[in-house]
Amino acid sequence: MLSFGEMLVAEYRKKNQLEFQKMFQLQKSFHLHSSRGIILHDDLVGQPANCFRKTNKGFPIFIRRASLEDYVLHMKRGPEIIYPKDAATMLMMMDVMEGDCVLESGSGSGGMSLFLSRAVGAKGSVLSVEVREDHYTIAVKNYRNWRTSWALRRGEEWPDNVQFENTDLCTASSILTGRGFHSVALDLLSPHLVLPSVLPHLHPGGICVLYIVNITQVVALLEGLRCSALPCQCERIIEVPVRDWVLTPALKKNGEYCTIKAPRLDESLRQKDETSDESEDDDVGPSFRSIPYIARPHPEQLNHTAFLVKLRKFER
Ligand SMILES: C[S@@+](CC[C@H](N)C(=O)[O-])C[C@H]1O[C@@H](n2cnc3c(N)ncnc32)[C@H](O)[C@@H]1O
């Protein structure tokens, strides 16, 4: 049952398309506002999740608990986050496992920190380094809010496994000394400047994945690597395209289903068809596969986010 403090998502769809989506924290005496009307937070407490609830105007809105992906996409942002599609691929490229020790920088809004926290689990640890104090504060807050909401939802603690540090990674030797990392995730403007301080702490064979927005920055990185002769090789440079599709039964302007016109049958087949016992079920509209579908990429897409660059440390 839902309780105050939980992170929820309210949404509704029209013609199979998401028309409204909002993440909110359930709070005493608060209201959820939408173009379909208002729902009082107090009315949701004690109710099950994953149900339609009626607004004061009588329209149904679907209420569910926020996934980590929802939370990261909707939480308060400072700088731009690493999008979940890229974060998931970065975790795979880093080969992150439960129990790993991972370094991340910059913390930014704390999006990647949360995905790393989940991946390494209670036995692992994440060191997240952020040079700007305002970003550091946002990242810590977002991490804490998610942990609080999780504890309310599950009755158990989200792992307290991320150590946020407010410092410049280029000069963070006092924090890094004595530490070894299984992998590293970097999302900052000039990664080639921080690699000399990071690589000595990455285990041999360990992976450093960089999230880089412009291809010219990737070139600068590779040039930096070439000139500094650091012990790492670039193994891959990729983009992660994800395309949303519109896939929905075609409707006429009056709201009725369009229908596919059957090919003309020859006379013998027609007679057989007419004597058939099968009857159409009026409640579900035209029979199976007689409705044409709209099926095309969604017109609003998340386009380019970043290039993911995979570096592996080697032993000399
Ligand atoms: C785009 S944001 C990171 C967003 C983060 N990955 C997320 O998912 O929320 C880049 C961050 O790197 C930080 N940064 C840049 N150079 C840095 C450095 N040398 N050491 C630590 N942080 C740095 C910036 O202040 C900024 O907050």
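The values are calculated or read from the model by the stated rules, or taken from the named source; none is laboratory data. Bear in mind that the values here come from a model prediction, so they are computed numbers and not experimental data. Cβ coordinates were reconstructed from backbone atoms using ideal geometry, including for glycine residues, and neighbour counts include every protein chain displayed. In case anyone asks, the SASA skips ligands and DNA or RNA and just uses the protein heavy atoms, side chains included. Shrake-Rupley method; radii C 1.70, N 1.55, O 1.52, S 1.80 Å.
Summary of values
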quantity	calculated
Given (1) more than 16 Å from the ligand (Cβ to nearest atom); (2) of a type in the set (A, V, I, L, M, F, W, C); (3) closer than 23 Å to Ser197 by Cα, number of the condition Ala122 does not satisfy	(3)
Unmet criterion (only one of (1) open to solvent by less than 60 Å² (accessible area, probe 1.4 Å); (2) part of a loop (DSSP other than H, G, I, E, B); (3) at pLDDT below 95) for Glu156	(1)
First in the stretch 221-250 and more than 22 Å from Lys85 (Cβ to Cβ), second anywhere and of a type outside the set (A, V, I, L, M) and assigned to a helix (DSSP H, G or I), Cβ under 6 Å, 6 or more apart	Gly224/His192
Single unsatisfied condition, Asp244 versus (1) out of contact with any Leu (no Cβ under 7 Å at 6 or more places or on another chain); (2) over 30 Å from Ile291 (Cα atoms)	(2)
Residue in the stretch 16-31 that is closer than 30 Å to Ala295 by Cα, open to solvent by 60 Å² or more (accessible area, probe 1.4 Å) and among the charged types (D, E, K, R) present	yes
Conditions (1) touching a strand residue (DSSP E or B) at 6+ places or on another chain (Cβ under 9 Å); (2) within 11 Å of the ligand (Cβ to nearest atom); (3) among the acidic types (Asp, Glu); (4) free of Cβ contacts under 8 Å to residues at least 40 places away in the same chain: number failed by Asp86	(4)
Selection from the stretch 76-108 of residues that are part of a loop (DSSP other than H, G, I, E, B) and surrounded by fewer than 17 Cβ atoms within 10 Å (Cβ to Cβ)	Lys76, Arg77, Glu80, Asp95, Met97, Glu98, Gly99
Selection count, the stretch 165-180, where residues are near the ligand (Cβ under 9 Å from one of its atoms) and open to solvent by 80 Å² or more (accessible area, probe 1.4 Å)	1
Selected residue (only one of Asp70, Asp43, Asp100, Asp95 is away from the ligand (no atom under 16 Å from the Cβ), out of contact with any Gly (no Cβ under 7 Å at 6 or more places or on another chain) and either in contact (Cβ under 8 Å) with a residue 60 or more places away in the chain or in the same structural domain as Leu195 (by TED's automatic domain parsing) (or both))	Asp95
Residue that is farthest from the chain's Cα centre (by Cα) [pool: residues in the stretch 39-60 that are more than 26 Å from Ala151 (Cβ to Cβ) and part of a strand (DSSP E or B)]	Lys54
Test for Leu210: is it modelled with pLDDT under 90 and in contact with a Lys or Arg (Cβ under 9 Å, 6 or more places away or on another chain)	no
Criterion: exposed (fewer than 13 other Cβ atoms within 10 Å of the Cβ) and assigned by TED's automatic domain parsing to the domain that holds Met94 - qualifying residue of Ala220, Ala185, Ala229	Ala229
Any pair with Cβ under 6 angstrom, 6 or more apart, that starts in the stretch 104-116 at a residue that is more than 13 Å from Leu73 (Cβ to Cβ) and ends at one that is within 6 Å of the ligand (Cβ to nearest atom) and part of a strand (DSSP E or B)	Ser105/Val129; Gly106/Glu130; Ser107/Glu130
Qualifying residue in the stretch 186-206 (condition: among the aliphatic types (A, V, I, L, M), touching a residue at least 60 places away in the same chain (Cβ under 8 Å), in contact with a helix residue (DSSP H, G or I) (Cβ under 6 Å, 6 or more places away or on another chain) and more than 16 Å from the ligand (Cβ to nearest atom))	no
Members of the stretch 125-138 found to be farther than 16 Å from Ile175 by Cβ and open to solvent by less than 60 Å² (accessible area, probe 1.4 Å), listed by number	His135, Ile138
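Matching residues to (1) at pLDDT 90 or above; (2) within 36 Å of the chain's Cα centre (by Cα):
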site	(1), (2)
Cys234	yes, yes
Pro241	yes, yes
Leu247	no, yes
Gly255	no, yes
Ala262	no, no
Glu267	no, no
Asp281	no, no
